[in-house]
């Protein structure tokens, strides 16, 4: 990363160890600030993390009673109750498994009649919450963060996005494996909104992510790799398994827990 960034690398032997470490990190942050404003991702990557975190709540080691959450994105054109929606995904993997009051869950409404107004509403809700304290991120194999897709330009704020075919394919499992049922558009936080969080934590596992992680850390800043903009942030943790870290320099890989 650039000289202005102090990125902390945490490399773990496997996916479960990385997920457990991230859960401990978030639990510690909640203990320091019980009313933490927490940004959350969806997708396959954070499933283990959500499992570990809900287990900590079950054992009384963490509480979400005062936490407020904001998710990164949601598909456009489907209601929150749709089985393929990210809202349903989060309910299954985290929201219904922890003591988080429904009134403190913030989510983009993919069924909104006016997507632009919905994006503005979400930005205002984040601002009214005082901004994001901790934003958890995953990364797509094409380097996307949230649904900020590679391209000639990036949107700064929450916005309507046309999904790349690769992103739709990676979400087909939510729609019975049928690509034609995956929405072609979504709503997503923009990169500036993400970068204004007090701290960022990127979770990645598997060799399929190794090239992107190496490009994020060692490559140039480019809109063709949206995750490269993490180089601009002052407080970034990368929590990786050995597969995701395999293309990093030996110096980065030595920081292991």
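For the condition under 22 Å from residue 194 (Cα atoms), assigned to a helix (DSSP H, G or I) and in contact with a strand residue (DSSP E or B) (Cβ under 9 Å, 6 or more places away or on another chain), residue 29 qualifies. Do we have residue 239 as buried (at least 18 other Cβ atoms within 10 Å of the Cβ), in a strand (DSSP E or B), in contact (Cβ under 8 Å) with a residue 12 or more places away in the chain and touching a strand residue (DSSP E or B) at 6+ places or on another chain (Cβ under 6 Å) here? Yes.
Here residue 127 clears all of (1) in contact (Cβ under 8 Å) with a residue 40 or more places away in the chain; (2) not in a strand (DSSP E or B) except the condition numbered (1). Checking the structure you have, find out if any residue of region 136-154 is farther than 27 Å from residue 51 by Cβ, buried (at least 20 other Cβ atoms within 10 Å of the Cβ) and either modelled with pLDDT of 95 or more or under 17 Å from the mean Cα position of the chain (by Cα) (or both). Yes, region 136-154 has at least one match. As for region 8-30, it holds at least one residue that is modelled with pLDDT under 95, under 20 Å from the mean Cα position of the chain (by Cα) and buried (at least 17 other Cβ atoms within 10 Å of the Cβ).
Considering only region 136-165, state which residues are touching a helix residue (DSSP H, G or I) at 6+ places or on another chain (Cβ under 6 Å) and under 13 Å from residue 190 (Cβ atoms). If the condition is that a residue be touching a helix residue (DSSP H, G or I) at 6+ places or on another chain (Cβ under 6 Å) and under 13 Å from residue 190 (Cβ atoms), then 144, 145, 148, 154, 156, 157, 158, 159, 160 are the ones that fit. When residues in region 34-68 are screened for being over 27 Å from residue 206 (Cα atoms) and either in contact with a helix residue (DSSP H, G or I) (Cβ under 7 Å, 6 or more places away or on another chain) or in a strand (DSSP E or B) (or both), 8 of them pass. For region 180-193, the set of residues classified as in contact with a strand residue (DSSP E or B) (Cβ under 8 Å, 6 or more places away or on another chain) and buried (at least 24 other Cβ atoms within 10 Å of the Cβ) consists of 186, 187, 188, 189, listed by residue number.
The values are calculated or read from the model by the stated rules, or taken from the named source; none is laboratory data. Just so you know, these numbers come straight off a predicted model, no measurement behind them. Note that we place each Cβ from the backbone using ideal geometry, even for glycine, and neighbour counts take in every protein chain shown.
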